[in-house]
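A quick write-up on the structure given underneath.
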Amino acid sequence: MIIFSFFFLYPLVILVLTSLRSEGDGAMTLHNYTQILVDPYYSKALVNSLLLSLAATVSSLVLAGLLAFFLARNEFKGKTLYFTLLTFPMSLPGVVVGFMIIILFGTTGVMPMLSKWLTGTPSMAFAYTITGILLAYLYFEIPRVILSLYGAIQHFDRTLEEAARTLGASPWQAIRYVVLPTVFPIFIASGALAFSTSMSAFGTAFMLANDFDILPILMYNEFTLSFKIEVASAIAVVIGMICVLMNLTNRIIMERGMR
């Protein structure tokens, strides 16, 4: 309890109190939170973060869902190696992932230089755009979602699907009306985890988010460049609340699934 209080409760209380402190006179106020919603400088970053996280979540669920179904339903030579390679990006820090995107899709990256050599005009130089950071997020989101979905799909009771087939359902109908509704809660839980990870990712965003604002980078800039510790603390609390809500959703759904 002492360790928990010192390393979790104490910093959290200090963070919340700092976020409620007025920059001028130090009075307690909600101004730091209201301006995140009202001030276009902060609200735009909030909307960008939510939309980016949502896009990364939906895209990773679709792509990882297809891969998880393929891996769970098929046995082939080298499957273990293939699965290992798919989950390898989880071991890479966000800064490394961001640097890889710059090497591939930066202004003088591999793909723009290759396209220039082939067509005479460089293209695909989107490393510092929202497309680049979305691609980076997918790089480390897809393996996490695959791990979450693979077990649920692999342990699905195939007799239910076979019963639907004997009643005249096509393979796609059996998957659509029997398999997907059964594993849908796991998709929601995995999506909540993916959203939380995207919302709080900093290393990758630090490398790539040069042309647009998102909350983690805005928090860093407010603290280190503008010395607005109170506003930075409020942004940190907002990010934390969203992530806690997503993680709680994931935990509740997973525990219900275990029952």
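Miscellaneous remarks
- Pick from the range 21-39, criterion in a loop (DSSP other than H, G, I, E, B) and of a type outside the set (D, E, K, R), ranking: surrounded by the most Cβ atoms within 10 Å (Cβ to Cβ): Thr29
- Among the criteria (1) open to solvent by less than 80 Å² (accessible area, probe 1.4 Å); (2) at pLDDT 85 or above, the one Leu248 does not fulfil is (1).
- The range 168-193: number of residues that are in a loop (DSSP other than H, G, I, E, B) and open to solvent by less than 10 Å² (accessible area, probe 1.4 Å): 0
- When Ser200, Ser196, Ser226 are checked against the criterion of being in contact with a Cys (Cβ under 6 Å, 6 or more places away or on another chain), open to solvent by 30 Å² or more (accessible area, probe 1.4 Å) and either among the hydrophobic types (A, V, I, L, M, F, W, C) or farther than 22 Å from Leu66 by Cβ (or both), a single residue qualifies: Ser200.
- Counting only helices (runs of 4 or more DSSP H) that sit completely within the range 73-138, those holding 1 or more residues that are of a type in the set (Lys, Arg) correspond to 79-87, 110-119.
- Within the range 202-223, one or more residues are modelled with pLDDT of 85 or more, farther than 16 Å from Glu141 by Cβ and of a type in the set (Ser, Thr, Tyr).
- Options Val62, Val38, Val16: the member that is within 30 Å of Asn210 (Cα to Cα) and under 20 Å from the mean Cα position of the chain (by Cα): Val62
- Residues in the range 18-63 that are of a type in the set (Asp, Glu) and farther than 30 Å from Gly191 by Cβ were compared, and the one that is modelled with the highest pLDDT is Glu23.
- Each residue in the range 13-40 was checked for being under 18 Å from Pro216 (Cβ atoms) and without any contact (Cβ under 8 Å) to a residue 60 or more places away in the chain, and 2 pass.
- Tally, over the range 201-246, of residues that are touching a residue at least 12 places away in the same chain (Cβ under 8 Å), among the small types (Gly, Ala, Ser) and not in a helix (DSSP H, G or I): 2
- Residue match in the range 94-115 (condition: out of contact with any Ser or Thr (no Cβ under 7 Å at 6 or more places or on another chain), among the aliphatic types (A, V, I, L, M) and open to solvent by less than 50 Å² (accessible area, probe 1.4 Å)): yes
The values are calculated or read from the model by the stated rules, or taken from the named source; none is laboratory data. Quick caveat: nothing in here was measured; it's all calculated off a predicted structure. Using ideal geometry, Cβ is built from the backbone for each residue, glycine included, and neighbour counts are taken over all protein chains shown. For accessibility, only protein heavy atoms count, side chains too; no ligands or nucleic acids. Shrake-Rupley method; radii C 1.70, N 1.55, O 1.52, S 1.80 Å.
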